[in-house]
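Following: one structure in structure tokens, then a few remarks.
Only the coordinates and a few stated rules stand behind these numbers; no lab work does. Predicted model, so just to flag it, every value in this text is computed and none were measured. Note: ideal-geometry Cβ built from the backbone for every residue, glycine included; neighbour counts use all protein chains shown.
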There are 2 protein chains.
Amino acid sequence: METIGFIGTGHLGYPIAANLLKAGYGVKIYNRTREKALPLEQLGAVLVNSPEETAVKGGIVLSLVADDKAVEAIATAALLEALGQGGIHVSMSTISPDTSRALAAQHLQQGVQYVTAPVFARPEAAEAKVGNAVISGNTAAKERIKPLLQAGFAKHVFDLGEDAGSANVLKLIGNFMIAGAIELMAESFALAEKNKVDPRVAYEMLTTILFPGPIFSNYGAMILDRQFTGNPSFSAALGLKDMDLVLQTARRSYTPMPLANLVQSRLTTLLAKDIKDADWIALASGALEDAGL
Amino acid sequence: METIGFIGTGHLGYPIAANLLKAGYGVKIYNRTREKALPLEQLGAVLVNSPEETAVKGGIVLSLVADDKAVEAIATAALLEALGQGGIHVSMSTISPDTSRALAAQHLQQGVQYVTAPVFARPEAAEAKVGNAVISGNTAAKERIKPLLQAGFAKHVFDLGEDAGSANVLKLIGNFMIAGAIELMAESFALAEKNKVDPRVAYEMLTTILFPGPIFSNYGAMILDRQFTGNPSFSAALGLKDMDLVLQTARRSYTPMPLANLVQSRLTTLLAKDIKDADWIALASGALEDAGL
């Protein structure tokens, strides 16, 4: 099978790279902190020392890094030259739509296709390949990379057309909706508890009849159990970065989003309090603590 | 089969009373506007001229009226006397938990059990008996009325214990969560549209993978189609009344709920603009109009 490049083996990148190796792909890996990628050598990964060394001419490189700056830092002239004509850079990070559009144009100057493919999955779901992908970019390139996304983490792949920024917009919307759902549950459970209704009964009723599905079920249970810190699979800092991107995109397009402002403020409080190892679900502590709970 | 009383044949009461008649119950009906209940005579209903005439000694009377004042207005001394020892008043209206608790105590002085059983269903769902009930109150009384709720509208019945106010708390939480979900979708669809992403694709992805279930599917489709006015099955005025109750309950229990404040404000705007026949889903027009859509 094809040998591909993989840049960024963090909480989410690690299980995806592992799945690709298990599926039989050759994978050349670059991670800024080399040690974190080391265990993947046992699955057959080849660790390299720069982003460009992950690439083969006309091949595919997937990247999954923290933010806009990190994507810009790995999408070097050297990487684009190494990928060359017919090469594809699959950008899975949650970044600004405008950054993706600028990178897509820049890649194309070297004959490289930039496909946006952000990940809808917490690490556990990615590992179990029950995550979801939204993709946008060049049609032929998207067709070529779909099997990789499926082998790596995705149960469903939603195609948003040719505009490289579109998949980023939808990823930001998805994360905003999750954050909003957390706030919604937090205020609801606080009201229940303050009025002598067991929040667990409220949770059961709500997730059974009004809001079935993974978000309310999984995050709701985490709120009830106050699973706010410890081993964050999606940190409050990353959540805040995403809400910053939502509001930056909203600001640029003149879209007032008061609920997005609220959840951004909740996440900012977590950073202000410097809570160690806070998961972004901890934004629920805002409504609970405000109510004295 | 037993003959029961039914007070309030509005948008929601009407299909429930019709279902009870179709199930074979004798139903004595009182509605403030008599004409609205008239078609039910063809199903065998007996129309009476006062709340107390719906009652038989030791029997069951269901009520479903607009607000706290309307429940207090029908729960007269005459009604309680007519129901008498062993009688049950099933209060299905969305009202304040405190009002329910006060009424329960007052009913008990006459030997009447007050059971709270608010309805989770739009009229179409009630008619199809796929709605849901949450109930609280005296255990024996709840057991006796469960078949009525099932025959009238309810697929599931969630029991919240003996405190008459608890079912009201949960009903208010449910409506708050629906209102919050509407705001969440409205801001999201606005962001999509302002950034050249088809809101229908966003809707499809979100309802497929993140938020399956009736609320996001049904209300989401109504937002996409701008089905905001015309034939409201749940009016903006009633929605605002419910958010007022949420915030009143929150205020009394010292539970700050900024998202509830936001949706209350959205609904207040609908009333301020005096939009004819606005459904409460029209609260979504707030985020859309703010974004120039």
HN-Hα couplings for region A:201-209 via Karplus (6.51, -1.76, 1.60; θ = phi - 60°), in whole Hz with x for Gly/Pro, come out as 6, 4, 4, 4, 5, 5, 6, 7, 10
Within the set B:M205, B:M222, B:M177, GNM on chain B using Cα springs under 10 Å gives the largest fluctuation to B:M205
Note on the protein assembly as shown: the mean projected area of its alpha-carbon convex hull, in nm², is 27.3
Counting Lys and Arg as +1 and Asp and Glu as -1 over every other residue whose Cβ sits under 13 Å from the Cβ of B:S285, the net charge comes to -3
Between A:G87 and residues 5 or more places away or on another chain, the pairs with built amide H atoms under 5 Å apart involve A:G58, A:Q113
Computed ³J(HN,Hα) along region A:118-133: with the Karplus parameters 6.51/-1.76/1.60, θ = phi - 60°, integer Hz and x for glycine or proline, the list is x, 9, 9, 5, 7, x, 4, 5, 4, 4, 7, 6, 10, x, 9, 10
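Take the eigenvalues of the Cα gyration tensor for chain A, scale each by 5, and report the square roots as semi-axes in whole Å, largest first. If you can, show how the numbers build up before the last one.
On the way: eigenvalues 256, 80, 58 Å².
Sorted largest first and rounded, they come to 36, 20, 17 Å.
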Yeah, region B:141-188 with a ≥ b ≥ c from its alpha-carbon gyration tensor (a/c under 1.5 is rounded, else prolate when a/b outruns b/c, oblate otherwise) is oblate
Whole-Å distance linking the alpha carbon centroid of region B:217-293 with that of region A:232-275 is 24
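Treating only the Cβ atoms of Lys and Arg (+1) and Asp and Glu (-1) as charged, compute the dipole magnitude of chain A about its Cα centre; round to the nearest 20 debye.
Details: 25 positive and 29 negative charges, 49 e Å.
Once rounded to the nearest 20, the dipole reads 240 debye.
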Log entry: pair-distance distribution for region A:3-162, C-alpha pairs binned every 10 Å from zero, whole % per bin is 12, 46, 37, 5
Net charge near B:A37 (other residues with Cβ under 14 Å of its Cβ; Lys, Arg +1; Asp, Glu -1) is +1
Across B:163-171, the residue-averaged tally of Cβ atoms belonging to other chains within 10 Å stands at 4
Simple SL model, points at 7 angstrom along Cα→Cβ for B:A73 and A:Q109; separation in nm is 7.3
Region B:53-103 and region A:180-211 have their Cα centres apart by a whole-number Å value of 27
Put in order of increasing Cβ neighbours within 10 Å, starting from the fewest, A:K276, B:K22, A:K28 give A:K276, B:K22, A:K28
Counting sequence-distant residues (5 or more places) and residues on other chains, those with an amide H built under 5 Å from that of A:I4 are A:G26, A:V27, A:K28
Label points for B:N231 built 7 Å along Cα→Cβ; distances to same position in the other copies, nm, shortest first, come to 5.5
With Cα coordinates, the longest principal axis of chain A makes an angle with the long axis of helix A:166-194, in degrees rounded to 10, of 20
For region A:3-162, the count of lysine pairs 8 or more apart or interchain whose alpha-carbon atoms are under 21 Å apart comes to 17
Shortest first and in nm, the label-point separations between A:E204 and its counterparts in the other identical copies (7 Å out along Cα→Cβ) come to 3.8
